[in-house]
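Here is the structure we will look at.
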Amino acid sequence: MHQIMRLTCLAAVSLAAISTNLSAADWPQWRGPQRDGVIRGEKPLDKLPSAPRKIWEIPAGSGHSAVVISGNRFVYIDQGGEPAGTKEVVHLCDLATGKELWKNAYAEMADYYNYGTGPRTTPVIDGDRLYVQSGRGEFQCLKLADGKKIWSVNFEKDYGANYFGNKGSDPAAKETAARRHGNNGAPVIDGSRVFVPVGSPEKGTLVAFDKLTGKELWHAGSDNTAYSSLMVGTLAGTRQVVHFTADALMGVDAEKGKVLWRVPIKTGAKRHTFTPLIVGDTVTIASQTVGLIRYQIAKAGAAFTATPMWENKETKVNISSMVLVNGKLYGIGAGGNKTDFTCVDFATGKTLWTHPGFADYASTLALGDKLLALNSDGELHLIAADPTAYKEISRMQPCGKTYSFPAYLNGVLYVRDEKTIRALAMGEAPLP
């Protein structure tokens, strides 16, 4: 028990080690500054405003790619270009007004299946550079100032990771979700490296590049990729990239590219989406097939092991990720059209409560001792992070139908639906 408590206390240390060039006012990557859905350094919310002050609203093409923010600018990716709707288009905009500063139709549109159309991978801002990844597997490093390309790689041309699309007849298409329905897992930057889920069984599941030059530093693994985003942390004394692939969970030495440990995790659809949670020397994942599992990562001599600490087979997370608050996990906890919001004890894996009535997806963020859960029908719930019962404080309708993870910065909620992006003041927030 003391070991579990010690590992839980190390959460902030492990997550804070994910390195991008952040300022105090950034939301530069998938699920926020530390990729864990936790909002830090913000004023608490007692309740949601019934009619939030709209700072701005802009039209946007279809897509689920989340808004990312650096300083006084934000970035989003949508479906557009010429011929109409055939390109993934990245936009840089002014944070105070929503005014577009530049756009770049950087890649061909993927044949997305189900859950609507449009780009789904969230970009990463790092200093004066922007990293974008398309559904077909085009990865580019752009100048943040003007959107011009610095370097790029293509998963198919450079690594043999062919994009099959939804109508592909190649038998290999059955072994991958990402190369059928779109490469959606977000890359991650750590120090001088950018790690990318290329998903090539022949030339690397995971590839590390020099983030400035695009030079390949190493490639590792022979799995296909799924939809899960990458995480980086120090586990059992070694800096590692954790990748939840189409067929397994694995840890790769961040410097050398050696696969240190690998746990097979099979699902019929190969569509793992849960972003791994690294806390101390543990990794937690979930899928709609195996449920929720927490692994202990250990090292004996030169060998690493990944041993289940607990398994919760009833918490079958489908297309969401959960957030950790005060030793409890919160989020959507079952698959299907109607899903339950769930609380799970992080030390034991025991389900503490479930609450029905949520739709097929919810983006869940933690703000102090409360939760912000944005349902796929566009309804935002403010919920107490209470392990004894589901306690909803208030709710509001900030947007229409959405599968896009919101951003929250300086008391402003940035939400995206199928037609618009909005900046909404949740309290007496000043203009950004």
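Throughout, read-outs are computed from the coordinates displayed, never taken from laboratory work. If you're wondering where the values come from, they're calculated on a predicted model, not measured in any experiment. Counting neighbours? That spans all protein chains shown, and the Cβs are built from the backbone with ideal geometry, glycine included.
For residue 151, enumerate residues with amide H under 5 Å from its amide H, sequence gap 5+ or separate chain, H modeled in the peptide plane.
141
Would you grab the residues whose amide H sits under 5 Å from the one on residue 60? Only those 5+ places off in sequence or on another chain, please, with H modelled 1.01 Å from N.
Result for residue 60 returns 420, 421.
In terms of Cα to Cα distance under 23 Å, which lysines are near enough to residue 103, apart from those fewer than 8 places away along the same chain?
Answer for residue 103, where 23 Å is the Cα cut-off: 87, 143, 148, 149, 211, 419, listed by chain and number.
Given a Förster distance of 41 angstrom, what is the FRET efficiency for residue 395 paired with residue 302, based on the Cβ-Cβ distance and rounded to 0.05?
Taking R0 as 41 Å, the efficiency between residue 395 and residue 302 is 0.20.
May I ask you to derive the FRET efficiency for residue 210 and residue 267 from their Cβ-Cβ distance with R0 = 51 Å, giving the value to the nearest 0.05? Mind dumping the intermediate values first?
Details: r = 34 Å, r/R0 = 0.66.
E(calc), rounded to 0.05, equals 0.90.
Just to be sure I understand: with springs between alpha-carbon atoms less than 10 Å apart, which residue in 136, 53, 239 has the highest mean-square fluctuation in the Gaussian network model of the chain?
53
With springs only between Cα atoms under 10 Å apart, run a GNM on the chain and tell me which of 384, 96, 359 wobbles the most.
Comparing 384, 96, 359 in a Gaussian network model of the chain, the most mobile one is 96.
With only alpha-carbon pairs counted, each pair once and no self-pairs, how large is the Kirkwood hydrodynamic radius of segment 2-425 in angstroms?
Evaluated on segment 2-425, it is 21.3 Å.
How would you rank 229, 152, 169, going from fewest to most other Cβ atoms within 10 Å of each one's own Cβ?
169, 152, 229
Give a residue-ordered list of calculated ³J(HN,Hα) values for segment 402-408 (Karplus: 6.51 cos²θ - 1.76 cosθ + 1.60, θ = phi - 60°; whole Hz; x for Gly, Pro).
3J(HN,Hα) across segment 402-408, in whole Hz: 8, 10, 9, 6, x, 10, 9.
Kindly provide the helix-only [θ] at 222 nm of the chain, computed as the sum of -39,500 (n - 2.57) over DSSP H runs of four or more divided by all residues, to the nearest 500 deg cm²/dmol?
-1000 deg cm²/dmol
Around residue 310, which amide H atoms from residues at least 5 apart in sequence, or from another chain, sit under 5 Å from its own amide H, with H modelled in the peptide plane?
Long-range HN contacts for residue 310: 294.
Given labels modelled 7 Å from the Cα in the Cβ direction, how far is it in nm from residue 86 to residue 114?
About 2.9 nm separates the two model spin labels.
Full-extension gain between residue 222 and residue 102, please, as 0.36 nm times their residue separation minus the C-alpha to C-alpha distance.
Computed gain between residue 222 and residue 102 is 39.4 nm.
Could you rank the peptides 344-352, 179-187 by their average count of other C-beta atoms within 10 Å per residue, with the highest value first? Working shown, then result.
Working: 344-352: 18.0, 179-187: 26.8.
Per-residue Cβ counts within 10 Å, averaged per peptide and sorted highest first, yield 179-187, 344-352.
With each label point set 7 Å from Cα along the Cα-Cβ vector, what nm distance links residue 57 and residue 143?
3.6 nm
Taking Rh as the Kirkwood radius computed over C-alpha pairs, what is the Stokes-Einstein D of segment 66-111 at 20 °C in a medium of viscosity 1.002 mPa s, expressed in µm² per second?
This corresponds to a translational diffusion coefficient of 195 µm²/s.
For the charge dipole of segment 2-425, defined by +1 on Lys and Arg C-beta atoms and -1 on Asp and Glu C-beta atoms about the Cα centroid, which residue among 421, 83, 236 has the Cα displaced farthest towards the positive pole?
236
Can you give me the orientation-averaged projected area of the convex hull built on the Cα atoms of segment 298-419, in nm²?
Mean projected area of the Cα convex hull: 9.5 nm².
For residue 370, give me every one of the lysines with a C-alpha distance below 28 angstrom, ignoring sequence neighbours fewer than eight places off in its own chain.
Within the straight-line limit of under 28 Å, residue 370 reaches these lysines: 43, 47, 54, 313, 316, 328, 338, 350, 391, 401.
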